[in-house]
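Read the structure below first, then the notes.
The values are calculated or read from the model by the stated rules, or taken from the named source; none is laboratory data. All values derive from a computational prediction rather than experimental measurement. Using ideal geometry, Cβ is built from the backbone for each residue, glycine included, and neighbour counts are taken over all protein chains shown.
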């Protein structure tokens with residue numbers, strides 16, 4: 001009897017810190033089940049073994065920051081049946097998207113002794129800006145349980161079921177008092193995608209927006225509330241320009257507040 005072929009899984013790294021790849025390795029007991037269900041065909045972070053594609057599922061970590069990246073991601077797309085962008089870098093450009101608001105040549109000149117040898121793009125861009133992506137899994141780093149759900153979904157031919165709501169819902173689920181209401185602490189929770197388990201509010205800190213914008217966020221209204229708590233536009237701009245600075249909703253709000261600050 002012919003043995004059924006296991007789906008091939010590939011894990012690719014672009015410009016990133018590798019933290020989201022580690023989330024897969026940190027699945028611990030579940031990783032054995034994943035390894036039993038798929039052939040881990042390409043995953044340099046975990047193994048030197050390489051099985052040639054095409055691949056059934058590709059997980060892509062990291063943003064596109066160089067011309068070489070821009071060409072390489074197209075090749076990854078051609079060799080992948082399903083492609084999932086994982087983490088803030090892959091879905092929103094990452095912390096390196098801070099370059100998008102300045103002149104990249106100034107950074108290159110300040111950092112490198114021989115800037116003429118550096119070949120880079122003016123912006124750090126998410127994967128979806130260059131190729132079609134089948135699913136985006138947000139987070140810095142991603143939630144390993146959500147990653148397991150995404151893998152399971154694609155292996156079984158269904159759409160992944162990840163929460164569309166905000167961190168505020170997670171706060172209510174674990175019984176956290178609202179840090180903005182109870183303590184007057186500015187918090188990005190109302191506009192941030194769930195996934196962290198409301199970690200920062202649980203320790204009386206405002207949310208930093210690690211999981212990027214939730215579905216249909218209203219950052220303008222939240223910024224107004226921050227202003228009533230005493231936050232200036234410069235503080236609001238810094239808050240939105242964190243791990244997901246390049247995410248559309250966060251980018252637009254930071255630029256709007258920066259413009260207001262400049263005009264005043």
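Odds and ends about this structure:
- Selection from the stretch 242-264 of residues that are surrounded by 22 or more Cβ atoms within 10 Å (Cβ to Cβ) and within 17 Å of residue 89 (Cβ to Cβ): 243, 244, 245, 246, 247, 250
- Note on the stretch 142-158: residues that are crowded, with 17+ Cβ neighbours inside 10 Å and without any contact (Cβ under 8 Å) to a residue 40 or more places away in the chain total 1.
- Filtered by the rule that a residue be within 18 Å of residue 139 (Cβ to Cβ) and in a loop (DSSP other than H, G, I, E, B), the stretch 152-189 gives 160, 161, 162, 163, 164, 165, 187, 188.
- Meets criteria (under 25 Å from residue 30 (Cα atoms) and at pLDDT below 90) for residue 163: yes
- Filtered residues of the stretch 142-161 (kept if farther than 24 Å from residue 192 by Cα and out of contact with any strand residue (DSSP E or B) (no Cβ under 8 Å at 6 or more places or on another chain)): 152, 156, 157, 158
- Every listed requirement among (1) closer than 26 Å to residue 214 by Cβ; (2) touching a strand residue (DSSP E or B) at 6+ places or on another chain (Cβ under 7 Å); (3) in contact (Cβ under 8 Å) with a residue 60 or more places away in the chain is met by residue 21 save one, (3).
- Any hit, the stretch 81-104, residues being out of contact with any strand residue (DSSP E or B) (no Cβ under 9 Å at 6 or more places or on another chain), over 20 Å from residue 212 (Cβ atoms), in a helix (DSSP H, G or I) and at pLDDT below 95: yes
This table checks each residue for (1) farther than 22 Å from residue 195 by Cβ; (2) in contact with a helix residue (DSSP H, G or I) (Cβ under 6 Å, 6 or more places away or on another chain); (3) surrounded by 16 or more Cβ atoms within 10 Å (Cβ to Cβ).
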| position | (1), (2), (3) |
| --- | --- |
| 110 | yes, no, no |
| 113 | yes, no, no |
| 123 | yes, yes, yes |
| 126 | no, yes, yes |
| 131 | yes, yes, yes |
| 136 | no, yes, yes |
| 140 | no, yes, yes |
